[in-house]
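Here the structure comes first, spelled out in structure tokens, and everything after it is commentary.
The values are calculated or read from the model by the stated rules, or taken from the named source; none is laboratory data. Keep in mind that what you see is a predicted model, and the values were worked out from it rather than measured. Cβ atoms come from the backbone with ideal geometry, glycine included; neighbour counts cover every protein chain shown.
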Amino acid sequence: MKNLIFALYFTAILLIPDFIADIFWHHFYEINPYRTLKELLATFLIGYILSFAPKIFTTIITSIFLLFAFISIGFYAYFHTYIMPFDLGVLNNSSDIKDIFYSLSSIENIVILLLTTWIILSIFTYFLLKQLKPKTKKFAIPLFLVILIIYPYFIHKKANIYLANFTHFSWLNTLNTIYLAGLKSLKPHPHHHYKPYIVKRIGPGKPIVIMIMGESMNERYMHLFGWRDKNTPYLDKLKKDPHFIYKKAISCSVRTICSVTTFFYNKREPDNIALLRNNKTNIMKLADENGYKTYWLSMQSDVSLISNVFNFADYKKFVWQFKRQYDDELINALKKIPFNKNKKTFVVLHFKADHSPYLKYVPKNFWNKFSPKDSKIWQYDDAIYYTDYVIYKIIEYMKTHYKNFVIYFTSDHGEMMGFPWEHGRRGHSQLVWGDTYVPFLYYSDTYDKNLSKPIYNHYLISKMLTRDLGYEIINPNDDGTYYVNGVQIDGSAGWMHYKLRNKLPPILIKKVVY
């Protein structure tokens, strides 16, 4: 009887939080008669088996499963979506992990509540077992471990069914995600074989080329592109300047590392890893080979795959090397570059502002420029306003002091604010159109581009940038369609295949989610 009591307790503390969460986020959990009953019985059975194990082991496992449930709830509280196997890819990067913890500040109260409840229930579980003193059996631990070991066998053939969704309980969503991520790593997806890209040198390139890579900037939320809040007053001033072009664009990925790397490799196909191995299309490398003095100035860290690009730069500086860790420090760094007529210069400025938590990367004198009446957007408005100021100051500085220059700006990916047209989603790293919308800005005092397309994408922008550096990239695989990669550079986290048209979203040809 005491073992049954614990099994009931175990089931209750794992399942009740989902029904409470559903009160705050409608449709967080939906009862599916067959699946709900099956998972309810499975949870009870696991609790019953654990009740026969020593109380320390039972307490630890119960605490872990409870943590799984709260991780899923916390993830949903911020992103308004469910944790997927490819989301675990961010755990391979310390910078992404730090940003996750910083971003949690926006749901601080929920995080504190979940952590406090988890600690209290974990402690209570131990003392409950101590008080109940249920029977112990030697078979309990081995049987439990056998279940954990054989469980992946039942889910790997129907992975889509077991992907996290509102018909699974939270603790199982997290457990399934961990298992599926592990299975994916054991069974890499096959890659296509592509014809090699052709790189042609077509000239010396422009004397001064500046590429600004933004962070989490969505053109939908910029007044320059029609957003309701006047958060781009500086760029708005340039609308009538014939040297200034602004276009809507689609990013090549939904995660910084994948997007920035893909962009600077002129990479079209999501799983075309050969480009990363041979470096023949690496923009920084090409600039170096064409006689440019190259700079990579970043308010982000030197992380993983992006290092394949900036390792070819003559001069590199990262966030910890700046006195102030705000993007306007890049203006001061730009002013120290010795531009001269006798040496071509290529500069990459990598922003951090607009990343969540939005005000962390914005100086306080740019805070509260917009009303907090809409909690979804006002801090993001402040961040956009700050980025608008920095971009404008860079353009004005170059206009005042130099000639024969070109400036590009786009963002690594967009950002979602939870509005109905985004189906309540927030943040990025989700393989949906909402976090692919980015701006494309172009300024040159010797404007010679025919930017006639209404919509651009990273691939097209990357090829234009490469031409200004004196090279043409010919891709024999290019059939006029394009891709948005998931969060993994090799395409193993899924991708969207699409065709551009005169409005957004593009025409989706195929979506693959692993």
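For segment 215-225, the count of residues that are among the small types (Gly, Ala, Ser) and either over 30 Å from ASP288 (Cβ atoms) or free of Cβ contacts under 8 Å to residues at least 24 places away in the same chain (or both) is zero.
When each of TYR397, TYR380, TYR385, TYR358 is tested for being touching a residue at least 12 places away in the same chain (Cβ under 8 Å) and farther than 29 Å from LYS98 by Cα, the lone residue that passes is TYR397.
Each row is one residue, and each column tells you yes or no for (1) surrounded by 11 or more Cβ atoms within 10 Å (Cβ to Cβ); (2) among the polar types (S, T, N, Q); (3) more than 37 Å from the chain's Cα centre (by Cα); (4) outside the structural domain of ILE73 (by TED's automatic domain parsing).
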residue	(1), (2), (3), (4)
THR116	no, yes, no, no
ILE120	no, no, no, no
THR136	yes, yes, yes, no
ALA140	yes, no, yes, no
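Residues in segment 10-29 that are loosely packed, with under 13 Cβ neighbours inside 10 Å and within 17 Å of ALA69 (Cβ to Cβ): ILE16, PHE19, ILE20, ILE23, PHE24. For GLU396, the stated conditions hold: it is surrounded by fewer than 16 Cβ atoms within 10 Å (Cβ to Cβ) and modelled with pLDDT of 95 or more. Listed by position, the helices (runs of 4 or more DSSP H) inside segment 263-358 whose residues that are surrounded by 21 or more Cβ atoms within 10 Å (Cβ to Cβ) number at least 3 are 283-289.
When GLY205, GLY182 are checked against the criterion of being more than 30 Å from GLN379 (Cβ to Cβ), in contact (Cβ under 8 Å) with a residue 12 or more places away in the chain and in contact with a Leu (Cβ under 6 Å, 6 or more places away or on another chain), GLY205 stands alone in meeting it. Just to be sure, is TYR102 among the aromatic types (Phe, Trp, Tyr), surrounded by 19 or more Cβ atoms within 10 Å (Cβ to Cβ) and in contact (Cβ under 8 Å) with a residue 12 or more places away in the chain? Criteria not met by TYR102. Taken together, ASN272, ASN266, ASN282, ASN290 contain a single residue that is out of contact with any strand residue (DSSP E or B) (no Cβ under 8 Å at 6 or more places or on another chain) and closer than 23 Å to ILE208 by Cα, which is ASN282.
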